[in-house]
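Below is one structure; the comments refer to it alone.
The values are calculated or read from the model by the stated rules, or taken from the named source; none is laboratory data. Please read all numbers here as calculations on a predicted model, not as lab measurements. Please note: Cβ atoms are built from the backbone with ideal geometry, for glycine as well, and neighbour counts cover all protein chains shown. Keep in mind that these areas ignore ligands, DNA and RNA; they rest on the heavy atoms of the full protein, side chains included. Shrake-Rupley method; radii C 1.70, N 1.55, O 1.52, S 1.80 Å.
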Amino acid sequence: MGDSPKDKLLRPGGGVGGGGGGRSSFSFGGFGSVGEDVLESVLRRLPAATFASAACVSRSWHGVCKRILSRPKLASALSLNPCAQMALQEVVDKVLSEPICPHFAIVNVGNNVNMTDALQYIGQKLGARTPLVISADSGIIGVDALTNQVKEVEGGIDDVGSSYNNEDSDNAERGIILTVGFVPGLKVDVVPLLHLEEADEDRLMVDKFITDMMEYSVAVSGCSTPVGVIMFGDGAAEIKSAAEKLDYAMPLEAAIVGDEKGTFQYRSVDNSRYISAIGQQQYTISAVALVFAKDRHKCPGLGDIKFHVAVSDGLSAIGPRHRAASVKVGDCCTLLTARREGQEEILDGEGILNDIRDELENRVEYPDVYIGVTKRRIYEVGAEKAKLMSFLSFHGVMGGVEYLRVEGSGIESGDSFQFYYSDPAAALVSCDKVSACLRSLNLGSDSDCSDKMGNVVVSAGKPWVFGGFIFSSFGRGESFFNDVNVDSSPFVENFPGVPVAGIFCGGEIGRCSPSLSMQDSEEETPVHRVCHVYSTVYLIMSYTPAPPGATVTS
């Protein structure tokens, strides 16, 4: 038996819906004789659940609904309501107030929101087949559900103009943003990074993580390279190596962004396919990746979705370069001695820091200081040919007397490093450069592509932006720039009215797209940067309509 109109419209990757079950109370009586233009105008104004029901009235209505939701869409809403349950309801109601079919969802919350309860509530609303990630971080960025204004909320509180703002310091723990995506032509699932905890084995299963992503992409698209990956890491785990290996394994056309250090929960479409291989072994989840892959069964006439990544840096280099001499790994830190490059004398921690103290005093008051370590390592995954790559990895400086003490691990004797400090002036310049790069892409915005009735008027072959995500360092924001909404401005100014969502996090993951790269490197071997500090990573999602003559089948 063939699919009914409802089945065709609601199946993942095929159309609309997303009301989360339950019958709509909306009555469609009396609409049978209206013209298609009037009908389309009415259907465009329906909430998601009612729209899904309307699609089942008849084949002609199904065709109209299919046409209304024939291109990608991102819907996002932020709430600062001090009542967690009311905040959840506000963002769900706002996101599902118009037609959309949920192919994936990302939720970012403050500490006052119980992630398990939120996962269950939103999961029920979106349906059992919607992959979903929920994370708790240091702040959120998005469009307020009540005011429709873009807000950057550090620590979950908006200092100016919030309906819920008061002097209670607990407000700093509040805030929720829900983003739902409809991406026809793509398949989406959540892939976990497992951490084995057996008595004789304690390791991240990075190769399996990457292989699972590739195998998922092959299964749904026939190609091992996904369109994009959005990662969420556990703050208690060290996942830099996983992000760097992912950079090695994925071709440059695959976008890689995310949050290195947060707290998350998730729901996959088929979690058993990623877990069953380890049998009864004990494990935890150190990270998850929302994987976007092309759909081999994409309807004829659909255009192409592409992800673009840009990075705004917020660090400036200072002092001479050094090379690690002795390296000791401590509890969550690394102890170093080093030589200045070109010299033989080994410096202790105090001697190394003396090289930069005087310069720092004349530049920025109370900056955060890091060392950027250039690591040359051999990488391989499965049967792939091993490859030597260089990565710039940042480690926070904790101090030093006998040794220089820095955060994290993975540094080896012989690695060269440079000191960096957080620099608002450099970050502002970098934001301006990102904004210029986004303009140079010559992408239209969602509002450029529709007439007053919502009909697509963009020329075939002309790409336009339908949404974006921002991953910004928790050290940035208003307190860093002494100005509001600086980190979101490159996106908002270039794509006004386009849905955008983001977080302030403890470690930004982002591999810059070649067309948006701002790095000037004269080195024969390029130095890759995928894990950042004091940076803002922008993911821009664009859609290029199919050429003339192609039609979307209904």
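For the reader, a short list of remarks on this structure follows.
- Any hit, region 245-264, residues being under 26 Å from PRO463 (Cα atoms) and hydroxyl-bearing (Ser, Thr, Tyr): no
- Those residues of region 202-245 which are open to solvent by 40 Å² or more (accessible area, probe 1.4 Å), within 19 Å of the chain's Cα centre (by Cα) and hydroxyl-bearing (Ser, Thr, Tyr), in sequence order: SER241
- Of all residues making up region 390-415, the number that are part of a strand (DSSP E or B), out of contact with any His (no Cβ under 6 Å at 6 or more places or on another chain) and either surrounded by 18 or more Cβ atoms within 10 Å (Cβ to Cβ) or in the same structural domain as ARG529 (by the TED database) (or both): 8
- Residue within region 348-360 that is outside the structural domain of PHE480 (by the TED database), open to solvent by less than 30 Å² (accessible area, probe 1.4 Å) and touching an Asp or Glu at 6+ places or on another chain (Cβ under 8 Å) present: yes
- Residues in region 101-135 that are farther than 19 Å from VAL153 by Cβ, in contact with a helix residue (DSSP H, G or I) (Cβ under 7 Å, 6 or more places away or on another chain) and assigned to a strand (DSSP E or B): ALA105, LEU132.
- Those residues of region 104-127 which are farther than 21 Å from ASP259 by Cα and either crowded, with 24+ Cβ neighbours inside 10 Å or out of contact with any Pro (no Cβ under 9 Å at 6 or more places or on another chain) (or both), in sequence order: ASP117, GLN120, TYR121, ILE122, GLY123, GLN124, LYS125, LEU126
- Counted as qualifying within region 253-331 are the strands (runs of 3 or more DSSP E) with 2 or more residues that are closer than 29 Å to GLY477 by Cβ and open to solvent by 40 Å² or more (accessible area, probe 1.4 Å), namely 255-267.
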